[in-house]
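Since the structure comes first, as structure tokens, the remarks are kept for the end.
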Amino acid sequence: MISEITFPAASSINGKQTGSYYRDSFKVTVTQHNLEAKQVYHSVFGYLPKSVQRALKIRNIAVEKLGFSVSNTEMSLALEEIEAGKQAGFLTFELVTESEVVCGAYEPNMDMWLSVMRLSDNEFALSTLVNLKTRSGKIYMAFVKPFHKFVAKYCLRQALKAGRL
């Protein structure tokens, strides 16, 4: 089951918001037992659906001209390589514990964090926080926001459907 929830107060990225920002959070109930946060992160972002990868490639072409950073569409490393300080695509792993994984990306238009955090034995929160630093960042987020929510839920559903969660 996947549902939108209030941003988790216990998340390491809570409190990083400044000025104009966007944030959301989704709860996923997993069927696998004894999962760590990095396993959930990898189960979702290590297997991005082809349609999402294509959309990210199109996004890169469109926003590069507006001064946004672009990189490959990889958002994860092999499970055993996920650790703080390592980079996957445009994201850098900042925190990797049994209960939470935090990645970040910093650029002139916005700073972004992604968190996967254990809420209970079989529930995890996937949370996003974006600090919008420029007018271009605000316009970009206004356009991306509806797609972001759809893509986040879609990726979680695909991970559940494939039995990775």
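The values are calculated or read from the model by the stated rules, or taken from the named source; none is laboratory data. Since the structure is predicted, the reported quantities are computational estimates derived from the model, not experimental observations. All Cβ positions, even for glycine, are placed from backbone atoms using ideal geometry, and neighbour counts span all protein chains on display. Remember, those area values only see protein heavy atoms, side chains included, never the ligands or the DNA or RNA. Shrake-Rupley method; radii C 1.70, N 1.55, O 1.52, S 1.80 Å.
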Members of region 128-143 found to be in a helix (DSSP H, G or I), in contact (Cβ under 8 Å) with a residue 24 or more places away in the chain and surrounded by fewer than 19 Cβ atoms within 10 Å (Cβ to Cβ), listed by number:
SER136, LYS138, MET141
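Within region 20-41, which residues are open to solvent by 30 Å² or more (accessible area, probe 1.4 Å), of a type outside the set (S, T, N, Q) and modelled with pLDDT of 95 or more? Give the derivation first.
First pass over region 20-41, keeping only residues open to solvent by 30 Å² or more (accessible area, probe 1.4 Å): 20-21, 23, 27, 29, 31-34, 36, 38-39.
Subsequent filtering for residues that are of a type outside the set (S, T, N, Q) retains 21, 23, 27, 33, 36, 38.
TYR21, ARG23, LYS27, GLU36, LYS38 - these are the residues of region 20-41 that are open to solvent by 30 Å² or more (accessible area, probe 1.4 Å), of a type outside the set (S, T, N, Q) and modelled with pLDDT of 95 or more.
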Taking LEU160, is it assigned to a helix (DSSP H, G or I), of a type in the set (A, V, I, L, M, F, W, C) and touching a helix residue (DSSP H, G or I) at 6+ places or on another chain (Cβ under 8 Å)?
no
Restrict the check to region 97-117 and report whether at least one residue is surrounded by fewer than 17 Cβ atoms within 10 Å (Cβ to Cβ) and hydrophobic (A, V, I, L, M, F, W, C).
no
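Of the residues that sit in region 46-64 and are closer than 16 Å to MET110 by Cα and at pLDDT below 70, which one is least open to solvent (accessible area, probe 1.4 Å)?
VAL63
Would you confirm whether any residue within region 79-91 is within 13 Å of the chain's Cα centre (by Cα) and modelled with pLDDT of 95 or more? Step through it out loud before you land on a result.
Looking only at region 79-91, we keep the residues that are within 13 Å of the chain's Cα centre (by Cα), and these are 88-91.
Now narrow it down to the ones that are modelled with pLDDT of 95 or more: none.
No; the residues of region 79-91 include none that is within 13 Å of the chain's Cα centre (by Cα) and modelled with pLDDT of 95 or more.
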Could you list, in sequence order, all residues of region 78-96 that are open to solvent by less than 50 Å² (accessible area, probe 1.4 Å) and not in a strand (DSSP E or B)?
ALA78, ILE82, GLY89
